[in-house]
Amino acid sequence: MTYSAAASAPKPLLVLIAGPYLSGTDGDLGKILANRARLESFALPIYERGHLPMVGEWMALPIIHAAGGRTEGDDVFKAYQYPVAHRLLECCDAVLRISGQSRGADLDVARARELGLPVYTDVAELPRRIRAGETNQ
């Protein structure tokens, strides 16, 4: 299925928010958490346009922890983070690539393009989808 019809947004899009997570942190937990908070700051604006936001770590971290991962960037983390994101992309309808250097986000964008998914760089580019009975805050 191609997603050229995404502009009409007949259904909510599942939008992966791709951007720096470990990049630029040198393993500093405070910086990692700041990157995660920045990724998550795009969730409400995406939702307000009528779609469902997704941050890859929301899916990956429980899997990583169940597999024995203990710290961000350990060997277990490295073994699962990107594969989970790429499997997740097969369920997504679009990607929002936020600014900032990130090898992982660049890999997500490349995989999204292979899958034919639209890649946006601004929330305002996402089609607005509001149905009867829904409100747009």
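General observations
- In the stretch 21-47, the residues that are over 25 Å from ARG113 (Cα atoms) and either under 13 Å from the mean Cα position of the chain (by Cα) or among the charged types (D, E, K, R) (or both): ASP26, ASP28, LYS31, ALA37
- Residues that are surrounded by fewer than 20 Cβ atoms within 10 Å (Cβ to Cβ) and among the hydrophobic types (A, V, I, L, M, F, W, C) were ranked within the stretch 110-121; the one that is nearest to GLY50 (Cα to Cα) is VAL119.
- Scanning the stretch 65-115 for residues that are closer than 26 Å to LEU13 by Cα and either in contact with a Cys (Cβ under 9 Å, 6 or more places away or on another chain) or among the β-branched types (Val, Ile, Thr) (or both) gives VAL84, VAL95, ILE98, VAL109, ALA112, LEU115.
- Output for the stretch 5-20, where each listed residue is at pLDDT 95 or above and either hydroxyl-bearing (Ser, Thr, Tyr) or more than 11 Å from the chain's Cα centre (by Cα) (or both): PRO12, LEU13
- Residue ID - modelled with the highest pLDDT, chosen from residues in the stretch 85-121 that are within 17 Å of ILE32 (Cβ to Cβ) and assigned to a helix (DSSP H, G or I): ALA105
- Out of ALA60, ALA124, one residue alone is surrounded by fewer than 14 Cβ atoms within 10 Å (Cβ to Cβ) and assigned to a helix (DSSP H, G or I). It is ALA124.
- Of all residues in the stretch 29-51, those that are closer than 17 Å to GLY100 by Cα and assigned to a loop (DSSP other than H, G, I, E, B) total 2.
- Of the residues making up the stretch 32-45, those that are farther than 24 Å from PRO83 by Cβ and surrounded by 13 or more Cβ atoms within 10 Å (Cβ to Cβ) are ALA34, PRO45.
The values are calculated or read from the model by the stated rules, or taken from the named source; none is laboratory data. Remember, it's a predicted structure, so these values are computed and weren't measured experimentally. Note: ideal-geometry Cβ built from the backbone for every residue, glycine included; neighbour counts use all protein chains shown.
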